[in-house]
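Here's the structure we're looking at; comments come further down.
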Amino acid sequence: MEIKGSAKLNSLLLKTAPVIVLVVISFIALCIGTKFISPLAVLQKTCSRTDYIIITKIRLPRILLSIVCGALLGGTGAVFQGFFRNPLADPGIMGVCSGATFGAVLSGLLPLAAISFLSPTTIFAFAGALLSAFCVFLFSKVFRGNSSVTLLLSGTAIGTFFSAIASIILLTHESDLHSFYVWTTGSFNAKGWKEFNVFIIPSLISLVLLEFASRHLDVLVCGEESAQTFGLNYKFLRNYVLLAGSLATSCAVCSGGIISFVGLIAPHIVRKLYGPLHKTLIFESMIYGALLMLLADTLARTVVAPSELPVGIITSLVGVPCFIVVLIKMSGGTTRV
């Protein structure tokens, strides 16, 4: 009886620990930056008017955006890895990131004034991401392929196409290269409540849709044909995963730009700690994705303060070694998905 009670307590601690760490890191992130604000003053609500504005108008929305963005990427990575049964699958696998880049680059060519609630770059990036997802869906329909391989190849082709067009546009408009370079390496700089308020509802919808995919993905582990004999509607699942993953990735990209490796690494960490069942895997991947993103963004804005690094550089520096470890495990045949 005591052993069972101890096991339940350990399981509870393992599940709640990342949430507690996320809250603690969020509070620390509120206090540190170009201007240090006393944690005691924040807790006692005795900080100055300037510090109050910094916390509520600049740091808090940025922290919330990074948490939501990380959760979207982590959850999407877990779903895509489960659906494609590929440990190297990540949110960009459907070409959505390339589509968003194309949309953002295209917005720089048009004489558009900023809309009162959002910048044209963000709007066009979101539209480009959804356009890419629609093209992938249409492309796979044309070839009447129901397998995940067809969908994967379609995403690769569409993503490469949009990347090529975006590169051509940038090469013919060199004056915009730097601004779009920063955007494509990811950054939450100058993002605030406007962006958060616009994307929070579709982001929450995406997170719920991703979590609901868990039961079907657990059946899919045994293979497409075997899963269909158990009653799985593979065509429905394919469309569902494409819709949920594309919407989630679109919101994440428009919140923070192109940020690599969070959606790839978070599910691997969670799988190692909690096992392969998607009911736990997807939710915990959201938490760990949020934690990784928050840590990366906090480092990005503090390590060279008052200057700032693109958050995508931080995630890449951490993600590349993890990616190599995954490749080594795959080559040894020990990777489990």
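The values are calculated or read from the model by the stated rules, or taken from the named source; none is laboratory data. Remember, it's a predicted structure, so these values are computed and weren't measured experimentally. We place every Cβ from the backbone using ideal geometry, glycine too, and count neighbours over all the protein chains shown. These accessible areas exclude ligands, DNA and RNA; they are computed on the full protein's heavy atoms, side chains included. Shrake-Rupley method; radii C 1.70, N 1.55, O 1.52, S 1.80 Å.
Brief remarks on what is shown
- Residue check for Ile168: modelled with pLDDT of 90 or more and either surrounded by fewer than 20 Cβ atoms within 10 Å (Cβ to Cβ) or touching a strand residue (DSSP E or B) at 6+ places or on another chain (Cβ under 9 Å) (or both): no
- Cross-chain or 6+ apart pairs with Cβ under 7 Å, the stretch 221-241 first and in contact (Cβ under 8 Å) with a residue 60 or more places away in the chain, then of a type in the set (Asp, Glu) and surrounded by 10 or more Cβ atoms within 10 Å (Cβ to Cβ): Tyr234/Glu224
- Flag for Leu110 being at pLDDT below 80 and more than 14 Å from Gly245 (Cβ to Cβ): yes
- Of the helices (runs of 4 or more DSSP H) lying entirely inside the stretch 34-126, the ones with 2 or more residues being of a type outside the set (Asp, Glu), within 20 Å of Ala300 (Cα to Cα) and in contact with a Phe, Trp or Tyr (Cβ under 6 Å, 6 or more places away or on another chain) are found at 60-84.
- Members of the stretch 199-225 that are surrounded by 16 or more Cβ atoms within 10 Å (Cβ to Cβ) and not in a helix (DSSP H, G or I): Ala213
- Those residues of the stretch 183-197 which are open to solvent by 50 Å² or more (accessible area, probe 1.4 Å), hydrophobic (A, V, I, L, M, F, W, C) and not in a loop (DSSP other than H, G, I, E, B), in sequence order: Trp193
- Lys272 vs. criteria without any contact (Cβ under 8 Å) to a residue 60 or more places away in the chain and either farther than 26 Å from Ser98 by Cβ or of a type in the set (Val, Ile, Thr) (or both): yes
- Filter result (within 19 Å of Ala290 (Cα to Cα), modelled with pLDDT under 85 and open to solvent by 90 Å² or more (accessible area, probe 1.4 Å)) within the stretch 6-23: Leu13, Lys15
- When we screen Leu88, Leu43, Leu64 for residues that are open to solvent by 10 Å² or more (accessible area, probe 1.4 Å), modelled with pLDDT of 95 or more and not hydroxyl-bearing (Ser, Thr, Tyr), the only hit is Leu64.
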